[in-house]
Structure formats: C-alpha cells, structure tokens
Amino acid sequence: MAALDAEGGTASGKASWRRYPALYAALWRYSVTREMQFKANFLLWIVVEAMWFALQLGFMSVIYGHVEEVAGWTRWQVILLVGCSHFIQQVFTALFLTNLSDISEHIRTGRLDFMLLLPVNTRFLVSIRKVDLGAFVNAASALGVIGWALRNLGHVPGPWEVAAFFLLCGCGVAVHYSLMFMLASMAFWTVRIQGAVWGYYNLFNIARIPEGAFPAGWFRRVFTWVLPMILVSNVPSMALLGTLRSPWTGWMLAGLALGCLAVSEWVWRTALRRYASASA
C-alpha cells in the first residue's frame, strides 16, 4: 500500500481529469443496465417515493385547513418549499446516497483496497459509481409541484430567480453530500456506520418546514449552522419566490457548501492516512 498517495490513487500516475467525463458516462451506462435488469423494483421505488411525497403534501394541506399562514408562509408557498426540499433530496439520492452508504462495506470487505490501486481519484469513484435513476423521476415530479405552486401563487419568476434557485439547490446538494461523506468516512475508525448515515438522511424531513416556524434557540441554531437542514431548502425557495431578504443569504449558503466540501476533503485524507487495508 506504500504506492498510494494521499488522495487514494496510485502515486505513479492518475488518470487525466479529461478522462473523467467518459468514465462517468460509462458508470451511467452500467447503472441503466443494472436498473433495467430489475424493472419491477425500479418502478416500485418510484411509486413508493411518489406516495411519500404525496403524504407530505397532504400533511401540509391538513395544517392549512386550520390556519392561513405559518410563520408568514402561505399554503402555496409551503407547498413550493416542500417541492424544493423533495427536489434537493431526490437529486442527492440519485447521485450520492447509495454510494455513501456503501463506503463502510468497501472498508469492511476490502473492496476499497482495489479501488485505491485504480488510476483514478478514489473519492470520485466511491462517491458516484452508482446512479439511482428512479430518483431523477421523483426529482422531476418535485419540479412539477413547484410549477403548480407558482401558478397558484400567480408568481412568474424571472430568469435570475430561476438561475439562483437551481444554483442554490446545487449548493444544498453539495452540503448534504459533504456532511454525509464525512459521516461515512467515520467508518475508517468504526468500520460500520450505516446507522449514522441513514439517520442523517432521515433528518431531511426538517427541510420542508419554514425557517420562521422554529422558535429561536439551540434547535434552530443547530439545524441552521451545524446540520443546515433549514438553510438548504428555505433559501432556494425564497430565491424563487423573490422573498429572499438579502443576497448575502444566498452567498452564505454557497460559502457553507464550499466550506463543507473543504472540510470533508480534509476528513477523507486524514482517514486514508490511517487506513492500513483490510488485509493488513
């Protein structure tokens, strides 16, 4: 294992970054082939996620059957917020969830040893080697709900609002990826970490609640700055609605995403330096 560099690739030479798009395309083809071998499972998961999304929307409809506003958010604004939260969650699921939950198994079974010897960045490989195509279908349904909410609000977002929405959603995905990647990297010390990884995923439900609904205090601070579930969906939603109080809020989310990515890279490199391989 002495021939490995700090990033987990071979010291003798990594693949040129120009080859990574072709590699990612090959991984997509593999994912399509794998999904089509189990078509019933593929369709069932789409239906299950669609039902869960419908239940979330139904829950909000029940609440707004008794009140006009929640923390200044009207019924259709909250439906848009739920759609935004679901969109971010499904894009994250499509690209990263399965891969991050597999990291501890790669370490336990020794598969990581072989990945480290490949002429490719190991973090790239463990992060994106599988794609959940069904989650993209559910992400599209979330966009449909967002459009439905905008129509009922009578609001037509401008091109800058739309661009800000998608950029901030990308920042939200990056935050979730970085935090869950750091949790998954704890497997270098504990071997099994799936419980914490899936526990973090379940916290996504907090993101569908308006920020103002949380009373000021430690809970709100934790889920705004430590585990920023509130920021990642509230900020893109407000950008699309044109109600973002300050552009600095958007920049704050972007800075948070970059900071989380940087810290997760430090955690990954630190973990690899202590890794002695499954066969040691």
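Summary table below
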| item | result |
| --- | --- |
| Odd one out for Ala140 among (1) within 23 Å of the chain's Cα centre (by Cα); (2) outside any helix (DSSP H, G or I) | (2) |
| Residues (surrounded by fewer than 19 Cβ atoms within 10 Å (Cβ to Cβ) and either aliphatic (A, V, I, L, M) or within 19 Å of the chain's Cα centre (by Cα) (or both)) located in the stretch 252-270 | Met252, Ala254, Gly255, Leu258, Gly259, Leu261, Ala262, Val263, Glu265, Val267 |
| The stretch 214-245: number of residues that are of a type in the set (Gly, Ala, Ser) and within 20 Å of Leu80 (Cβ to Cβ) | 4 |
| Residue check, Ala216 surrounded by 15 or more Cβ atoms within 10 Å (Cβ to Cβ) and either of a type in the set (A, V, I, L, M, F, W, C) or assigned to a loop (DSSP other than H, G, I, E, B) (or both) | no |
| Selection count, the stretch 160-180, where residues are more than 10 Å from the chain's Cα centre (by Cα) and of a type outside the set (Asp, Glu) | 8 |
| Failed condition for Arg129, given (1) surrounded by 19 or more Cβ atoms within 10 Å (Cβ to Cβ); (2) more than 23 Å from Arg208 (Cα to Cα) | (1) |
| So Ala40, is it surrounded by fewer than 21 Cβ atoms within 10 Å (Cβ to Cβ), within 24 Å of Met229 (Cα to Cα) and more than 15 Å from the chain's Cα centre (by Cα) | no |
| Residue list for the stretch 111-137, filter: part of a helix (DSSP H, G or I) and under 14 Å from the mean Cα position of the chain (by Cα) | Ser127, Ile128, Ala135, Phe136 |
| All positions within the stretch 244-280 that are in contact (Cβ under 8 Å) with a residue 12 or more places away in the chain and of a type in the set (Ser, Thr, Tyr) | Thr249, Ser264, Tyr275, Ser277, Ser279 |
| Test: residue in the stretch 67-75 that is assigned to a helix (DSSP H, G or I) and in contact with a helix residue (DSSP H, G or I) (Cβ under 8 Å, 6 or more places away or on another chain) | yes |
| Within the stretch 81-120, tally of residues that are surrounded by fewer than 17 Cβ atoms within 10 Å (Cβ to Cβ) and touching an Asp or Glu at 6+ places or on another chain (Cβ under 8 Å) | 2 |
| Some residue of the stretch 96-110 being within 15 Å of the chain's Cα centre (by Cα) and within 29 Å of Leu244 (Cβ to Cβ) | yes |
| Residue among Gly147, Gly110 that is free of Cβ contacts under 8 Å to residues at least 12 places away in the same chain, out of contact with any Lys or Arg (no Cβ under 6 Å at 6 or more places or on another chain) and either among the small types (Gly, Ala, Ser) or under 20 Å from Arg192 (Cβ atoms) (or both) | Gly147 |
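Bear in mind these aren't lab numbers, they're just calculated from the coordinates by the rules spelled out. Because the structure is predicted, anything quoted here is derived from the model rather than measured. Note: ideal-geometry Cβ built from the backbone for every residue, glycine included; neighbour counts use all protein chains shown.
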